Amino acid sequence: MVTVSLEEARAAAAAVPDPELPMLTLGDLGILRDVVRRADGGVEVVITPTYSGCPAMDAIREDIQRVLPGVSVRTVLAPPWTTDWITDEGRRKLAEHGISPPGRTPVLQLNPRCPRCRSPRTRLVSRYGSTSCKAMFACRDCLEPFDHFKEF
Amino acid sequence: MNSLETGDDCLVLAQRLAEWVTLAPTLEEDVALANLALDLLGQARALLAREGDEDALAYLRPPGQFRNCLLVEQPNGDFAHTVVRHLLFASYLYELYRAHPGDEVAAKGVKELAYHRDYARVWTLRLGLGTEESRRRTMAALEALWPFVDELFESRAELRGPWEQYVLATLAEASLAVPEGVEQRSGGRRGEHGPHLAALLAEMQALHREHSGATW
């Protein structure tokens with residue numbers, strides 16, 4: 001049984017890296033919904049998936065339980081996650097790792113800037129990328145191919 | 001929303017789309033089709049879990065107990081078939097989800113389906129306005145799949161208007177004519193499926209049936 005305070009548990013869960021975007025923590029990504037005390041005194045961590053089919057949910061659950069042994073992890077769908085919940089720190093880290101961060105929703109029909117040279121002259125290569133949450137773009141100026149975190 | 005019908009639609013189409021993996025025309029489309037499949041699989045799991053044990057429902061039911069519409073069980077055919085099938089279906093599922101904002105699967109799924117139908121729309125335009133060959137194949141796909149349109153709206157006639165607005169506008173923009181006088185087929189919602197579903201399920205269920213409880 002975990003004896004940590006809810007604040008400690010929240011901080012530990014928020015610091016767990018996302019398995020598919022390990023430069024981001026669950027806190028950065030905005031998928032940590034809540035940390036609550038269960039009726040039996042234990043701790044429950046509530047998370048939400050980015051996309052319905054996110055295959056990382058099982059790994060995330062196990063990672064949380066590794067840093068917080070004994071906690072239960074519950075997944076909720078409502079309200080649906082949106083990229084607006086990615087923190088400013090999360091956006092900064094994405095850009096630092098060459099992934100163009102999402103714009104604020106609802107998005108204007110502007111292409112994302114190249115994360116390498118900051119050029120706005122980019123083109124869509126494919127609406128889907130290595131994970132559901134990303135699209136593939138390329139820069140017309142420096143030619144860098146890059147992932148863009150889709151507005152969602 | 002009928003969780004069993006929509007859950008089965010999503011499950012069967014996810015399996016169909018997954019058949020493209022390693023076979024799609026380009027690596028980008030391979031990845032895109034797998035992502036479409038994954039979204040639908042996630043929705044299917046959440047919907048079927050409302051009806052009982054998701055594994056038992058997916059892996060142990062015979063074809064006659066599936067309630068998916070006939071459109072989603074149609075074979076992939078060529079890429080044009082897959083694109084047209086997705087245009088017809090994703091536009092329908094988008095409207096169905098949009099009509100259920102209080103349903104948490106629908107509320108989440110509608111955002112995913114907005115991307116799906118946009119993907120299908122852009123490809124429909126590219127194929128319809130592309131070469132003679134791409135246009136010929138897209139028209140053939142439209143003719144082959146149009147008989148399964150009415151079934152989508154069997155119990156949800158009010159969704160047809162907004163669906164037509166999107167689909168017919170896309171087809172017009174792609175300079176593709178809507179097939180006329182096509183005899184419509186139905187029966188999926190009553191468990192009356194064609195031979196394609198049995199073959200799809202035989203493959204999807206084989207591992208589970210042979211090694212019940214197997215894990216990675």
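The values are calculated or read from the model by the stated rules, or taken from the named source; none is laboratory data. Because the structure is a prediction, the values reported are computed rather than measured. Cβ coordinates were reconstructed from backbone atoms using ideal geometry, including for glycine residues, and neighbour counts include every protein chain displayed.
For this structure, a couple of remarks:
- Of the residues making up the stretch B:115-137, not one is away from chain A (no Cβ under 14 Å) and within 13 Å of A:S126 (Cα to Cα).
- In the stretch B:29-43, the residues that are more than 8 Å from chain A (Cβ to nearest Cβ) reach residues that are hydroxyl-bearing (S, T, Y) and surrounded by fewer than 24 Cβ atoms within 10 Å (Cβ to Cβ) with C-beta atoms within less than 7 angstrom, at least six apart or across chains, in these pairs: B:D30/B:T22.
- Taking the listed residues B:E151, B:E183, the one that is touching a residue at least 12 places away in the same chain (Cβ under 8 Å) and surrounded by fewer than 16 Cβ atoms within 10 Å (Cβ to Cβ) is B:E183, with no other qualifying.
- Annotation note: of A:L68, A:L29, the sole residue that is in contact (Cβ under 8 Å) with a residue 40 or more places away in the chain, closer than 19 Å to A:C133 by Cβ and among the aliphatic types (A, V, I, L, M) is A:L29.
- Checking each residue in the stretch A:71-121 for being in a loop (DSSP other than H, G, I, E, B), aliphatic (A, V, I, L, M) and touching a residue at least 40 places away in the same chain (Cβ under 8 Å) picks out A:V71, A:V76, A:I86, A:V107.
- Candidate set: the stretch A:32-46, residues that are without any contact (Cβ under 8 Å) to a residue 24 or more places away in the chain and not in a loop (DSSP other than H, G, I, E, B); chosen: the one nearest to A:K93 (Cα to Cα): A:L32
- Taking the stretch B:138-214 as the region of interest, the helices (runs of 4 or more DSSP H) fully inside it that hold 2 or more residues being more than 17 Å from the chain's Cα centre (by Cα) are B:160-173, B:195-210.
- Number of residues in the stretch A:50-74 that are modelled with pLDDT of 95 or more and within 22 Å of A:P101 (Cβ to Cβ) equals 1.
- All positions within the stretch A:106-152 that are under 29 Å from B:K108 (Cβ atoms) and among the hydrophobic types (A, V, I, L, M, F, W, C): A:V107, A:L108, A:L110, A:L124, A:V125, A:C133, A:A135, A:M136, A:F137, A:F146, A:F149, A:F152
- Here A:R123 qualifies as within 14 Å of chain B (Cβ to nearest Cβ) and exposed (fewer than 14 other Cβ atoms within 10 Å of the Cβ).
- Only helices (runs of 4 or more DSSP H) whose full extent lies in the stretch B:1-106 are considered here, and the ones with at least 1 residues that are of a type in the set (G, A, S), touching a strand residue (DSSP E or B) at 6+ places or on another chain (Cβ under 7 Å) and buried (at least 16 other Cβ atoms within 10 Å of the Cβ) are B:27-48.
- Test: residue in the stretch A:96-110 that is closer than 30 Å to A:R38 by Cα, surrounded by fewer than 21 Cβ atoms within 10 Å (Cβ to Cβ) and either within 12 Å of chain B (Cβ to nearest Cβ) or aromatic (F, W, Y) (or both): no
- Residue in the stretch A:45-65 that is of a type in the set (D, E) and either farther than 30 Å from B:C10 by Cβ or surrounded by 16 or more Cβ atoms within 10 Å (Cβ to Cβ) (or both) present: yes
- If only residues of the stretch A:72-95 that are under 18 Å from A:F152 (Cβ atoms), hydrophobic (A, V, I, L, M, F, W, C) and away from chain B (no Cβ under 14 Å) are counted, the one that is farthest from the chain's Cα centre (by Cα) is A:A95.
- Tabulated pairs, the stretch B:188-216, first without any contact (Cβ under 8 Å) to a residue 12 or more places away in the chain, second surrounded by 11 or more Cβ atoms within 10 Å (Cβ to Cβ), C-beta under 7 angstrom, 6+ apart or interchain: B:A214/B:L207
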